[in-house]
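Engineer: Sharing a structure, written as structure tokens. Questions coming.
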Amino acid sequence: MDREKLIVPNQIGYLILKEDGAVLESGGELKNDEHSADVIMGLLNLTESIDESFMPNSSCERITIDYEQHYYSICMSNRRIYIVKISKSQNGVTTTTTSSSSSNSVYNDASDSGAVLA
């Protein structure tokens, strides 16, 4: 199987991490990108410290980090953390994304498109 095409359409990179943050596999723009893996693990560790009464851990199935030209989709399955970098462009046309599920947490960074993960 070709993991570059396995995960989602418009994918431009991916990371598969162990629970401790060690990179198991990577490809595309995230190939061997341990810095992004560290940043995302920091974000995941931060979400664990959120008050349960505000956002129960069991309700969060996916975290999306949204930028103007791309976004990251992060989820966990089978004790692995899957991170996919997805382009919003199709044939040069930028599309917008919306969160259709109340179980998604969305972070929009409109102030700096060149932030840590961009």
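Engineer: Scan segment 9-24 for residues that are assigned to a loop (DSSP other than H, G, I, E, B) and farther than 26 Å from Ser89 by Cβ and report the count.
Structural biologist: Summing the residues that are assigned to a loop (DSSP other than H, G, I, E, B) and farther than 26 Å from Ser89 by Cβ in segment 9-24 gives 4.
Engineer: Could you go through segment 33-53 and let me know if any residue there is part of a strand (DSSP E or B) and either modelled with pLDDT of 75 or more or in contact with a helix residue (DSSP H, G or I) (Cβ under 8 Å, 6 or more places away or on another chain) (or both). It would help to see each step written out before you state the result.
Structural biologist: Residues of segment 33-53 that are part of a strand (DSSP E or B), as a first pass: none.
The answer is no; no qualifying residue exists.
Engineer: While we're looking at this one, here's another question. Quick check: anything in segment 89-103 buried (at least 16 other Cβ atoms within 10 Å of the Cβ) and either modelled with pLDDT of 95 or more or of a type outside the set (Asp, Glu) (or both)?
Structural biologist: No: segment 89-103 contains no residue that is buried (at least 16 other Cβ atoms within 10 Å of the Cβ) and either modelled with pLDDT of 95 or more or of a type outside the set (Asp, Glu) (or both).
Engineer: When you go through (1) at pLDDT 65 or above; (2) more than 13 Å from the chain's Cα centre (by Cα); (3) open to solvent by 100 Å² or more (accessible area, probe 1.4 Å) one by one for Leu24, which number turns out not to apply?
Structural biologist: Unmet for Leu24, out of (1) at pLDDT 65 or above; (2) more than 13 Å from the chain's Cα centre (by Cα); (3) open to solvent by 100 Å² or more (accessible area, probe 1.4 Å): (3).
Engineer: Checking Ala118 against (1) of a type in the set (A, V, I, L, M, F, W, C); (2) modelled with pLDDT of 85 or more; (3) under 14 Å from the mean Cα position of the chain (by Cα), which single condition isn't satisfied?
Structural biologist: Every listed condition holds for Ala118 apart from (2).
The values are calculated or read from the model by the stated rules, or taken from the named source; none is laboratory data. Predicted, not measured: the structure shown is a model, and the values here were computed from it. Heads up, the Cβs are rebuilt from the backbone with ideal geometry, glycines too, and the neighbour counts pull from every protein chain shown. Remember, those area values only see protein heavy atoms, side chains included, never the ligands or the DNA or RNA. Shrake-Rupley method; radii C 1.70, N 1.55, O 1.52, S 1.80 Å.
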